[in-house]
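Worksheet for the structure shown next.
The values are calculated or read from the model by the stated rules, or taken from the named source; none is laboratory data. All values reported here derive from a predicted model rather than from experimental measurement. Ideal geometry is used to build each Cβ from the backbone, glycine not excepted, and the neighbour counts take in all protein chains shown.
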Amino acid sequence: MIGSWRLNVGFGAFGALLTLMFSFSSNPLGTTLVRGFYAFITFAIIAFVIRLVLGQLLQPAHKPEEPISSLQDVVDADRGVNLDMVTPNEEDQLTEMMKERWADGKGEEPAFQPLVPKRLVSLDNPNPEEVVQAIRRLTDE
């Protein structure tokens with residue numbers, strides 16, 4: 001754990017003092033003291049939990065050191081540490097595809113042709129029959 005028990009007491013005293021200051025003006029002295037005591041206990045527990053969690057998170061992992069006795073142990077110790085991946089070399093395949101394309105006479109890219117939609121409906125001059133058909137399709141009649 002990080003720190004000592006004094007940190008818990010200090011944080012608890014801070015919480016109790018804060019509670020006493022805010023509670024004193026609106027409560028009798030006995031109620032204020034009881035609430036201050038509860039605040040002391042609560043803040044001390046919170047400080048203890050925070051110390052415990054930080055102590056576990058910041059503590060380095062302990063790895064037992066064992067001597068490596070054989071070559072198989074060396075291989076087992078290194079297994080899973082590195083990942084070696086190589087993508088296949090597809091450069092030859094790409095070159096062959098480009099040669100075939102040039103040989104077929106398709107070397108030049110076709111000129112740009114805009115898309116021509118099959119049905120283009122204008123909203124400026126709607127056809128009444130098309131509007132009725134659209135409404136029927138939308139209402140499933």
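Select from region 1-46 the residues that are of a type in the set (Phe, Trp, Tyr) and either over 28 Å from Leu58 (Cβ atoms) or touching a strand residue (DSSP E or B) at 6+ places or on another chain (Cβ under 6 Å) (or both) and list them in ascending order.
Answer for region 1-46, where residues must be of a type in the set (Phe, Trp, Tyr) and either over 28 Å from Leu58 (Cβ atoms) or touching a strand residue (DSSP E or B) at 6+ places or on another chain (Cβ under 6 Å) (or both): Phe22, Phe24, Phe37, Tyr38.
Just to be sure, is Asp84 surrounded by 12 or more Cβ atoms within 10 Å (Cβ to Cβ) and at pLDDT below 80?
It is false that Asp84 is surrounded by 12 or more Cβ atoms within 10 Å (Cβ to Cβ) and at pLDDT below 80.
Consider region 34-59. How many of its residues are among the hydrophobic types (A, V, I, L, M, F, W, C), surrounded by 15 or more Cβ atoms within 10 Å (Cβ to Cβ) and touching a residue at least 12 places away in the same chain (Cβ under 8 Å)?
6
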